[in-house]
Amino acid sequence: VRNFTIAIDGPAASGKSSTARAVALELGFGYIDSGSIYRCATLLALRSGITDISSHANQLIDLINKSSVDIKFQPSSSRSAPNLITGRLTVPDVRILLNDEDVSDEIRKPDVNRMVAKVASDGGIRAAVMSVQRALAKAAETRSTEMRDKKGAVKSVPGGVVMDGRDIGTTIFPNAELKIYLDASAMARAIRRWDEMNSKLKEEATKAKSLDTSDAAPAAERTPTEYPSVEDIARELEERDYADINRQHSPLRIATDAVVIDNTSMTFEQQVYSIADLARDRM
Ligand code: C5P
């Protein structure tokens, strides 16, 4: 019985993370969000006032090496937000701990979004982040086991891990048993990200309203200029993809042996089940 690695790469907001988490739950595998480590590195830079990455790369590498990052993937957690339950599939929650502090929300904020591709373009920083990623993936991997089926026959159940990012199939796990390149049209990706942000804002506004008894304008009624438009998000995604595709070190590429899935007009269930089926076919 051998372990099984699934690499899911693709451009920003193509649905890699939610798909990877649902696939991991479906197969009983662990999950690692490789982008979250670059986001943690970016947060470390922002918090220590490093804005010019190229001239402070060594300082940041030092900070990364001194920090601990942990990814808590909670397949059985009841904390999954209701909007993450799509049809029959549940997308399990994932929490990112940086030096034991839960930074899951902070690393998704606009200042991190704007800076992360710059941080990820430095070869030395990538090397530091990669060793964290590999160690986390190893620890997250579920173990293969042998079970008896109903007829008493011994059956092998592989364990494994799903990891998503930009260079998983090309650099981190070039021998992954299954490589997926997940893509969608630029507009579909921007609209999905915008929807996601809006439902989060609505959720926060409802929460704030139920706590707030003052006369202040509830978050939902604040001027929309505070929030990015679909066009703003499309531009930000485009800039990040451009940087990720054109950088010198492990740029975003379709691995030669990857299965390309364009999910622009697929349902979430369709893509999750098609990836899980591809994996089962290769086990
Ligand atoms: O996946 P996510 O959008 O959170 O990734 C944030 C950024 O981290 C990407 O835009 C990219 O610059 C970098 N990244 C990377 N290699 C990975 C994962 C993420 O360079 N494997």
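The values are calculated or read from the model by the stated rules, or taken from the named source; none is laboratory data. Just so it is clear, the model here is predicted, and its values are computed rather than measured. Cβ placement follows ideal geometry from the backbone for every residue including glycine, while neighbour counts extend to all protein chains displayed.
Brief remarks follow.
- The single condition among (1) out of contact with any helix residue (DSSP H, G or I) (no Cβ under 7 Å at 6 or more places or on another chain); (2) of a type outside the set (D, E, K, R); (3) surrounded by 13 or more Cβ atoms within 10 Å (Cβ to Cβ); (4) at pLDDT 95 or above that MET197 does not satisfy is (4).
- Count of residues meeting criterion [within 18 Å of the chain's Cα centre (by Cα) and of a type outside the set (S, T, N, Q)] in the stretch 244-259: 6
- Residues of the stretch 258-275 classified as surrounded by fewer than 19 Cβ atoms within 10 Å (Cβ to Cβ) and out of contact with any Gly (no Cβ under 8 Å at 6 or more places or on another chain), total: 9
- Members of the stretch 1-26 found to be near the ligand (Cβ under 9 Å from one of its atoms) and out of contact with any helix residue (DSSP H, G or I) (no Cβ under 7 Å at 6 or more places or on another chain), listed by number: LYS16, SER17
- Subset tally (residues that are within 8 Å of the ligand (Cβ to nearest atom) and out of contact with any helix residue (DSSP H, G or I) (no Cβ under 6 Å at 6 or more places or on another chain)) for the stretch 122-139: 1
- Test: ALA24 is aliphatic (A, V, I, L, M), in contact (Cβ under 8 Å) with a residue 24 or more places away in the chain and part of a helix (DSSP H, G or I): yes
- Considering the stretch 246-267, and only residues there that are out of contact with any strand residue (DSSP E or B) (no Cβ under 7 Å at 6 or more places or on another chain) and more than 10 Å from the ligand (Cβ to nearest atom), the residue that is farthest from SER14 (Cα to Cα) turns out to be GLN248.
- Selection count, the stretch 27-55, where residues are within 16 Å of the ligand (Cβ to nearest atom), part of a helix (DSSP H, G or I) and modelled with pLDDT of 95 or more: 14
- Residue check for VAL94: closer than 21 Å to ILE50 by Cα and within 13 Å of the ligand (Cβ to nearest atom): no
- Selection within the stretch 228-242 - assigned to a helix (DSSP H, G or I) and not basic (Lys, Arg): VAL230, GLU231, ASP232, ILE233, ALA234, GLU236, LEU237, GLU238, GLU239, ASP241, TYR242
- Some residue of the stretch 153-170 being farther than 20 Å from SER250 by Cβ, at pLDDT 95 or above and within 15 Å of the ligand (Cβ to nearest atom): no
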